Amino acid sequence: MIFLDNLINGLSLGSIYAIIALGYTMVYGIAKMLNFAHGDVIMIGAYVAFCGLQYWGLPPVLAIAVSMIACTVLGVTIEGLAYRPLRQAASLAVLITAIGMSYLLQNTALMIWGANPKSFPTTFINSVSIRLGRLNISIATLITIFANIVIMVSLTLFTAKTKMGKAMRCVSEDRGAAELMGINVNRTISVTFAIGSALAAIAGVLLCSSYPILQPTTGSMPGIKAFTAAVFGGIGSIPGAMLGGVLLGVIEIFGKAYISTELGDAIVFAVLIVVLLVKPTGLLGRPIREKV
Amino acid sequence: MKKIIALALAFMMIWSVCTAVAEDVITLKIAHIGPTTGAAALYGLATLHGAEIAVQEINEAGGKYRIELINEDDEHNVEKVINAYNAALDAGAQMILGTTTSKPCEAAGALGYTDRVFFLTPSASSTAVIEDKDNVFQICFTDPNQGRASAQYIADHQLGTKIAVIYNNADVYSTGIRDTFVEEAAAKNLEIVSESTFTDETTDFTVQVADAQNAGAEIVFLPMYYTPASMILKTAADKAYAPIFFGVDGMDGILSVEGFDTSLAEGVMLLTPFVATSKDEKVVSFVNKYQAAYNEIPIQFAADAYDGIYILVQAAEKAGITSDMSPEEACDLLIAAIQEITVDGITGSMTWDESGAVTKTPLAATIVNGEYVFED
């Protein structure tokens, strides 16, 4: 029973990592950059949803929608202002900009919402928990796992079937060639950021529904873990981010439950190192062909 | 340092020339240092506001002493507290009411030990705060005392015998209380059925709570601050696990977290020497003034700081501190004086010994309908 309990907790935590990891992996796959501000977009999304629920009295669905719109606008703005001018610059410059953006967002949140931790109002989803024998599963957990599956299926379909999805795959494969074929690279990357940021808003709400303390640093640790998950699964690959996220969550919970609560994070990163040693491109990553 | 002191003295001279009104009125310059922003802001603001109420009372009463309160923010950060400490001395502080939280207080207190500056901390409760420093005194209990008193209380009131402990092993506050709790629990035949840890970065407590639940713990002891505690309460509610949660003074403040569902904290017990709903005359007067000024119910930290100002004045009177004394001159006089006085404050009757630890009796409160209520 405790095994099942831990498994469900792991799946729930992993699903949150997976949704965040999707944001990292999409942006990396298409724009070839690590958007380290992604974790902080999640935090902003959670704050906007918090304001919607707590101050403006919006119904939950509307609050999430407002938060998604806010994050989409934020994501596209960040991309347009900070990353687009650096499109031709060295990747290190873009990386540093992303880290700077992360601090900017954290400190902006500190200014607007203050440093006092806020408790995310969760009463709208966790008032019920389902009982299966001795097992209690909260509705938040089920919604998280369900949302994760829906998002992955629709993203896979989007990239496989739609015109924009096709454009994204082209840009990902060869940006220069895609441009020559008449694909608007800047617009494609903007759309990628828009989708990634909207997902960040959902991730923020789900994260804070399960772990309800909201403060300006809320996004950083889950952001780093999700980035690890993206690398673990093979960065650039959508199913890889999913698999990596879920596995990471389950490994973390099992590591804490059966080995040591103190070493939980250490175990996670140790597994990452082992996987990368055996399979340097991650679990589902495409092998990199070396041109000689 | 010399330059800073010289500057501070110069500043104080100019200041005293400008404000010399009557010869017999003594102005004490007290610096409050605490996290008025940052993760522990709730505590720092509480101690600041509590001190402000006491300062206002003393200044309005128009007795022998006037107080000038200097406030410096340390953000609950061991580096920033040094800047705050230096800024307080630059501003002419003669003694320090602070710092509010343990780790910064260890750092600033050690510096104050070499500089000879008197510290009276309202709420920094680890033993390291007063250890090897003759200049630091506490108003709250030391952590070990909280752990011991909690175990005694649980045993004496027969709340249960199977106990789970969840603690932050990256924090001296949490580990300090846990150590003496476990020791005392063994002496009182209380069985620790589950023990698990977390760190400052932990947000997922499902494993710790599941462990306590599966071990069949009737009481979960939470020696920690309110932020992780609120997540543990949430996780337990999700799992329909309802033991008695027993906290310590760091739990105080959980009801004021914005957006917190107070029904989660229903029935939570905590050791605290101060409860705002008390009928005691002095407490009622303090709570009323605090509510009028800051529009919220004061927590224990505010009461500690309120008492702190009165303790400093009483000690200053005993020591014969004058307006123009430097912190160095005042330090040793205050150290001697505080050990001779008994202060009847709103957090109880207090005395001190040379270790810097306070002696007073703890009481347990229970959260009922979103308010603290004394057990007996």
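The numbers here are math on the coordinates, done by the rules we state, and not lab data. For clarity, every value in this text was computed on a predicted model and none was experimentally measured. Don't worry about glycine lacking a Cβ; one is built from the backbone with ideal geometry, like all the others, and counts go over all protein chains shown.
Numbers below:
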item: Relative pair counts by distance (%), Cα atoms of region A:16-219, 5 Å bins; result: 1, 8, 15, 19, 18, 14, 11, 7, 4, 2, 1, 0, 0
item: Alpha-carbon Debye profile of chain B, log10 I(q)/I(0) at 0.06, 0.08, 0.11 Å⁻¹; result: -0.23, -0.40, -0.73
item: Region B:253-373: relative contact order as a whole-number percent, Cα under 8 Å and 6+ apart; result: 37 percent
item: Degrees separating the helix A:38-54 axis from the principal Cα axis of chain A, which is the longest one; result: 50 degrees
item: Sites B:E329 and A:Q54, calculated FRET efficiency, Cβ-Cβ separation with R0 30 Å, nearest 0.05; result: 0.05
item: Relative contact order computed over region B:144-272 (Cα-Cα under 8 Å; 6+ residues apart), in percent; result: 25 percent
item: For the protein assembly as shown, calculated [θ]222 nm from helices alone, where every DSSP H run of n ≥ 4 adds -39500 (n - 2.57); result: -18000 deg cm²/dmol
item: Extension gain, A:L92 back to A:L62 (0.36 nm per residue minus Cα-Cα distance, nm); result: 6.9 nm
item: Computed over the protein assembly as shown, Cα set: Rg, Dmax in Å; result: 27.8, 90
item: Gaussian network model of chain B, springs between alpha carbon atoms under 10 Å - residue of B:A215, B:A292, B:A236 with greatest fluctuation; result: B:A292
item: Exposure proxy ranking, count of Cβ atoms within 10 Å, fewest first, for A:L180, A:L206; result: A:L180, A:L206
item: FRET efficiency estimate (nearest 0.05) - Cβ-Cβ, B:A187 to A:M221, R0 45 angstrom; result: 0.70
item: Within a Gaussian network of chain A (alpha carbon springs, distance under 10 Å), most fluctuating of A:F232, A:F193, A:F254; result: A:F254
item: GNM result for chain A, Cα springs below 10 Å: residue of A:P60, A:P121, A:P85 fluctuating most strongly; result: A:P85
item: Calculated diffusion of region A:1-117, Stokes-Einstein form, Kirkwood radius summed over Cα pairs, 20 °C and 1.002 mPa s, µm²/s; result: 134 µm²/s
item: Amide proton proximity set for A:I213, modelled H, under 5 Å, gap of 5+; result: A:F120
item: Where labels lie 7 Å past Cα in the beta-carbon direction, separation of A:N186 and A:R84 in nm; result: 0.5 nm
item: Amide H contacts under 5 Å for B:V358, placed H, 5+ residues apart; result: B:Q138, B:T142
item: Computed over chain B: relative contact order in percent, which uses C-alpha pairs under 8 Å that are six or more apart; result: 18 percent
item: Local electrostatic count at B:S126 - Lys and Arg +1, Asp and Glu -1, tallied over other residues with Cβ under 14 Å; result: -4
item: Of A:V185, A:I64, B:V284, farthest towards positive along the dipole that unit charges on Lys, Arg, Asp, Glu beta carbons give the protein assembly as shown; result: A:V185
item: Degrees, to the nearest 10: A:91-113 long Cα axis against longest axis of chain A; result: 40 degrees
item: Tilt relative to chain A, helix A:185-210 - C-alpha long axis, 0 to 90 degrees, to 10; result: 10 degrees
item: Exceeding the 22 Å Cα-Cα cut-off - candidates B:K103/B:K289; B:K103/B:K318; A:K256/B:K234; A:K118/B:K80; B:K279/B:K360; result: B:K103/B:K289; B:K103/B:K318; A:K118/B:K80
item: Peptide-level mean, for B:204-215, of C-beta atoms on other protein chains within 10 Å; result: 6
item: Label-point separation in nm, A:L104 to A:R169, each point 7 Å along Cα→Cβ; result: 3.4 nm
item: 4 °C / 1.567 mPa s Stokes-Einstein diffusion coefficient of region B:144-272, Kirkwood radius on C-alpha pairs, µm²/s; result: 91 µm²/s
item: Computed lengthening from B:K162 to B:K64, 0.36 nm per intervening residue step minus Cα-Cα distance; result: 29.8 nm
item: Inter-label distance for A:E179 and B:D179, nm, one decimal - labels placed 7 Å from Cα along Cα-to-Cβ; result: 6.3 nm
item: Burial order of peptide ranges B:54-66, B:169-181 (average beta-carbon count within 10 Å, highest first); result: B:169-181, B:54-66
